[in-house]
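Take a look at the structure below.
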Amino acid sequence: MLSIDESPFANILGFLSLASYIATLLPTTLRIVFPQAKETGIPQWLLKHRRNIGIIAFFLALGHGFLMVQKRNFDFFDIKTFWIYFQGVSTFIIFTLLSITSNNWSVKKLKKNWKQLHKLTYVAMVILIWHISDKMSGHWTYLTPISVFAISLITVLFIIRLWIEHQNRQQKITTKVTKAELPEKSTSTARQK
């Protein structure tokens, strides 16, 4: 029988970190998947505050991780510890890299590499699904189904976004090819006359 446990404070911090993280993913996804969302002003507001929200997500994840380390008495010198908590540690490392480089100085210094580095956020998205389902399996709290649903939904919307972006690129390529063929056809038709 499924029982729902009360959420410890560490899990509440993890949930709030997840919610903040999802808020950083929403602006571009909403703009592409739901173009009419632009009219609400929500994507613009989230985009304007994305870096700050991401840093909040990092500090909430830091609190979550700190409390979990305290609660479980991790042995950092045991390789099994890192294997068992691989998802949480990996996500935390990604969040750390993203928060350290979420400033104008890093954007200027890293240039094109900054964008590549910040694509790690999508790797974190996938790892988080694994982390939540693995660590909460067998002892769900009332936050677990909300967390699983939210991260799964943003992942599905991200996949839809990638598909729409792919379709748009294909359409641009087709348009360029068609425009390039038009002058060739008109010159060859003129030569025939």
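A few remarks follow.
- Computed [θ] at 222 nm, helices only, for the chain once each DSSP H run of length n ≥ 4 contributes -39500 (n - 2.57): -27500 deg cm²/dmol
- Principal-axis tilt of helix 86-100 within the chain, Cα atoms, nearest 10 degrees: 60
- GNM top mover of 86, 76, 66 - the chain, alpha-carbon springs below 10 Å: 76
- Angle in degrees between helix 120-136 and the longest Cα principal axis of the chain, rounded to the nearest 10: 40
- Nearest 10 degrees, 0 to 90: helix 50-72 Cα axis against the chain principal axis: 30
- Cross-link pairs beyond the 27 Å C-alpha cut-off, checked among 108/172; 48/108; 115/172: 108/172
- Residue 104 sits among other residues whose Cβ lies under 13 Å from its own Cβ, and their net charge, with Lys and Arg +1 and Asp and Glu -1, is +4.
- Net lengthening on full extension, residue 75/residue 142 (0.36 nm per residue, minus Cα-Cα): 21.2 nm
- For segment 1-146: rounded, prolate or oblate by the Cα gyration tensor [a/c cutoff 1.5]: oblate
- Relative to the Cα centre, the charge distribution of the chain, modelled as +1 at Lys and Arg Cβ and -1 at Asp and Glu Cβ, gives a dipole magnitude of about 1440 debye.
- Farthest toward the positive end of the dipole of the chain, out of 49, 84, 139, is the Cα of 49, where the dipole comes from beta carbon charges about the Cα centre.
- Comparing Cα centroids, segment 50-109 and segment 14-44 end up 22 angstrom apart.
- The accessible surface of segment 15-76, taken with every protein chain in place and a 1.4 Å probe, is 67 percent carbon and sulfur.
- Within-15-Å neighbourhood charge of residue 48 [Cβ basis; K, R +1; D, E -1]: +4
- Heavy-atom accessible area with a 1.4 Å probe sorts 21, 85, largest first, into 85, 21.
- Accessible area per residue for the chain is 68 Å², calculated with a 1.4 Å probe on protein heavy atoms, without ligands, DNA or RNA.
- The residue list 124, 173, 15 was ranked by how far each Cα lies along the charge dipole of the chain toward its positive end, using unit charges on Cβ atoms, and 173 comes out on top.
- Area accessible to solvent at residue 72, 1.4 Å probe radius, in Å²: 90
The values are calculated or read from the model by the stated rules, or taken from the named source; none is laboratory data. Model, not experiment: these values are computed from the prediction. Note that we place each Cβ from the backbone using ideal geometry, even for glycine, and neighbour counts take in every protein chain shown. Protein only, heavy atoms only, side chains kept; ligands, DNA and RNA dropped before computing areas. Shrake-Rupley method; radii C 1.70, N 1.55, O 1.52, S 1.80 Å.
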